[in-house]
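Here is the structure we will look at.
Bear in mind these aren't lab numbers, they're just calculated from the coordinates by the rules spelled out. Please read these numbers as outputs of a predicted model, since none were measured by experiment. Every residue, glycine among them, receives a Cβ derived from its backbone with ideal geometry; neighbour counts consider all protein chains shown.
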Amino acid sequence: MVLSVTVVETAEQVFRADEVVAVLLPLPLVGAYDYRVPEGEQVVAGDVVRVPLGKRQENGVVWGPGRGDVAAGRIKALLGRIAGAPRLPEVSRRLVDWVASYTLSAPGAVLRMVIPVAEALEAPALAHGWLPAMGLEEAAGLLRLTPARQRVLEVTSAGVPLSTADLAQAAGVGSSVIKGLAEAGVLQSVSLAARDDERQADGDHPGPQLSDLQQDAARVLVESLGAGFSTTLLQGVTGSGKTEVYFEAIAAALRQGLQVVVLVPEITLTTQWLHRFAGRFGAPPSQWHSELTPARRRRTWRAVAEGRAKVVVGARSALFLPYANLGLIIVDEEHEGAFKQEEGVIYHARDMAVVRGQLGGIPTILASATPSLETVLNVEAGRYRKVDLPSRHGGAVLPEMSILDLRKTPPEAGDWGPGWLAPGLVQAIRDTLAAGQQAMLFLNRRGYAPLTLCRACGHRLQCPNCTAWLVEHRAQGRLVCHHCGHQAPSPRACPSCGEEGQLAACGPGVERVAEEARARFPEARVALVASDTLGGPAAVAELLRQVTAHEIDLLIGTQVLAKGLHFPLLTLVGVVDADLGLSGGDLRAAERTFQLLSQVAGRAGRGEQPGRVLLQSYQPDHPVLQAMISSDAALFLQTEAEARRQLGMPPFGRMVAVVVSGPEPAAVESVANRLAATAPRASGVEIWGPAAAPLAVLRGRHRWRLLLKAPRTVKVQTLMRQWLSQQQCPSSVRIQVDVDPYSFL
Ligand code: ADP
Ligand code: ZN
């Protein structure tokens, strides 16, 4: 990602009756439309207004002066401001424009991420009260300050929100005076009930005593508050106390009355984090993710917009909320692929967090044990600062790592069928359990077996909608496509040749490893953990409790186990297939595998007992595995960086992926070919493809890919815009643009 943000503070511009303004609607595929300000109204940029759109009415946001591309006589009047809707801050509007421009998305689609709950705009159903939205002088510029109006403003200037009835009484005016001030935008509405039912994090709540190293790190972060834009990498091995250290920065922000957003890769897995937060600050943070109930979303959105929600933790979309007073952004596990949104507006939340920091003139903290190459290079180039936590807290040592060479000591079969655990790992588990400690087996593959094959005819069970094999989930008796979600009961007979009892499971998923473990260690209490078996937050909390209370001996699971969990009695981590992911062949396969394995390994030995990690592999000499056992992240990254530098690959060069898809293969191919024929020719710019995508069919849509590769100095958005504007494409075919792609499927 290349940052080019210029921060210009503009004075708020008032648009009066008959002036034409641009209004952006939070809808995909539209830009801003021009509307006339009606008689008796006036608006400023950021106001939420109701506008006619065809035969409908929609809510939109005043974006600025009209664009003048419609004849004056045909411009419709907007209908008026939405009473009680918070004004969208300028920084949010600039973020929308910036992200739309960078990702080549419709601004309306980005605005929709800022206003994802349309109902939240309407005056809250909760009891609400009034506060001044501006100073007296500014108000006087908007409307004549009659003595009645002045009294209202005097009363509200105390900063205590009062309901309409209370305020009318206190100021000795009729409610119409208050209504008039609200409609002019001089008063703003804030929820009253919410003040009581939402306890907020307290920055003065006592925290743990930090070690000297932690204090040094925390000081740098705390000092960055209020000191303008900065980006700081907080790097430290797993268990070094990164979370405790950035909690200090949150505490300082809270004491300064600033809002904080913490972006986490997977919000459903943050149960432990939420507990720690509540313990540290005396109240839980506000959460923002897709599973919230509509009512909760609405309340939280308003609390954020009105500045009442002090700390928000959320998935990537939390970044776009219209914070009234954001002072700090934290991206936890910044290297995680989950920060890349792959649908709709395609963006990387970590990169956009830095952009938001720059637009708002505030610090961003990126935390990771294994930072992304992008971030490491930004540190080396001096664009980001870095603070280090080199060792685990409280004397815990990093686990000892070794590789089990499966070529020399392959797993042995047993009553349950083929084995997946080599003798060395089996023995280690046995020893760990005998010592009264816990072990964890990691395999990043859900289900029982990734492939089902007919022994009679060789047929492989494939998804009817995708170029993908169906994965057997034996516990549910179903075959599932992990790409589109297609499901069917596992058949008894081969759908191709009709033979019964010939379908064979090939390869392991976590269910199959659990089957073997249960057979080998009948006395052990085993828990299987994968995203499809997790259940809701309550189930996750119960599982964590069981592990912590040592009601579970052996945890078996996918990457959901890798992240952030802290179990002091867990001393052994076995990686069932350390090679998985290395063969992916895309740009970041090695980097991603290294990060994931490091994170899994980091679960071992976090308490008093030292941990150890066994990696099962058929290619023990692979650089990623060698880097793992030498625990030398820096060396690995250097090698990786050198390889990419030589090929001009990101982050040394820039890439834009173009995916053409549609139900008709011929139409898709022809659009892809035309794209290739009209591709931009510029110095250093290469076009790869078109070629059928590796995932050639997805959800019934045929897919072709092109890839534009350019030196960092090239402004790829300009090239892309010119290129795409020349395309005509049948309505069934979609062209999707992915700037800085992470997925190459
Ligand atoms: P990281 O985020 O780097 O993995 P954590 O912040 O989760 O590290 O710290 C690891 C463990 O050590 C946690 O249980 C945490 O509460 C504990 N810990 C870290 N620093 C301190 C401290 N200064 N005082 C007490 N406990 C600490
Ligand atoms: Zn499918």
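Below is a table of values for the structure above.
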| item | result |
| --- | --- |
| In sequence order, calculated HN-Hα J values of region 379-386 (Karplus, 6.51, -1.76, 1.60; Hz; x Gly/Pro) | 5, 4, 7, x, 6, 10, 8, 9 |
| Cα-based convex hull volume of region 18-104 per residue, rounded to whole Å³ | 100 |
| Per residue convex hull volume, Cα atoms of region 112-266, in Å³ | 182 |
| D_trans [Stokes-Einstein, Kirkwood Rh over alpha-carbon pairs] for region 597-698, 4 °C, 1.567 mPa s, µm² s⁻¹ | 71 |
| The chain - share of DSSP beta bridges that are antiparallel (%, nearest 5) | 55 |
| Degrees separating the helix 423-434 axis from the principal Cα axis of the chain, which is the longest one | 70 |
| Dipole of the chain, positive end: most advanced residue of VAL379, VAL513, VAL99 [Cβ charges, Cα centre] | VAL99 |
| Of every Cα-Cα pair in region 531-675, the percent that sits beyond 24 Å | 51 |
| Sequence-separation-based contact order of region 50-138, relative, with Cα cut under 8 Å and 6+ spacing, percent | 27 |
| Evaluated over the chain, the Cα radius of gyration and Dmax, each in Å | 28.5, 92 |
| Directionally averaged shadow of region 478-553, computed from the convex hull of its alpha-carbon atoms, nm² | 7.1 |
| Quotient of C-alpha Rg and 2.2 N^0.38 Å, computed over region 335-417 | 1.73 |
| Lys, Arg +1 and Asp, Glu -1 on Cβ, resulting dipole of region 677-736 about Cα centre, debye, nearest 20 | 180 |
| Rg ratio (alpha-carbon, reference 2.2 N^0.38 Å) - region 652-706 | 1.19 |
| Column: log10 I(q)/I(0), Debye, Cα scatterers of region 653-745, q = 0.11 Å⁻¹ | -0.28 |
| In order through region 390-406: 3J(HN,Hα) via Karplus (6.51 cos²θ - 1.76 cosθ + 1.60), integer Hz, x for Gly, Pro | x, 9, 5, 6, x, x, 4, 9, 5, x, 8, 10, 8, 9, 9, 7, 5 |
| Residues with amide H under 5 Å from that of ARG385, placed H, sequence gap 5 or more | THR231, THR232, LEU233 |
| Contact order normalised by residue count of region 353-437, Cα under 8 Å, 6+ apart, percent | 12 |
| Region 615-663 - convex hull of the alpha-carbon atoms, volume per residue in Å³ | 141 |
| Sequence-distant residues sharing a close amide H with GLY241 (under 5 Å, placed H) | HIS393 |
| Contact order relative to length of the chain, as percent, for alpha carbon pairs under 8 angstrom and 6 or more apart | 10 |
| Per the chain, cysteines lacking a partner by the 4.7 Å Cβ criterion | CYS484, CYS506, CYS729 |
| Distant-in-sequence amide H partners of HIS473 (H built 1.01 Å from N, under 5 Å) | TYR448, ARG478, LEU479, VAL480 |
| Compactness of region 432-540 as Cα Rg over 2.2 N^0.38 Å, two decimals | 1.23 |
| Under Karplus coefficients 6.51, -1.76 and 1.60, residue-wise ³J(HN,Hα) of region 453-462 in Hz, glycine/proline x | 10, 8, 5, 7, 10, x, 4, 10, 6, 10 |
| Coarse-grained scattering of region 32-178 at q = 0.09, 0.14, 0.20 Å⁻¹, given as base-10 log I(q)/I(0) from a Debye sum over alpha-carbon atoms | -0.36, -0.83, -1.32 |
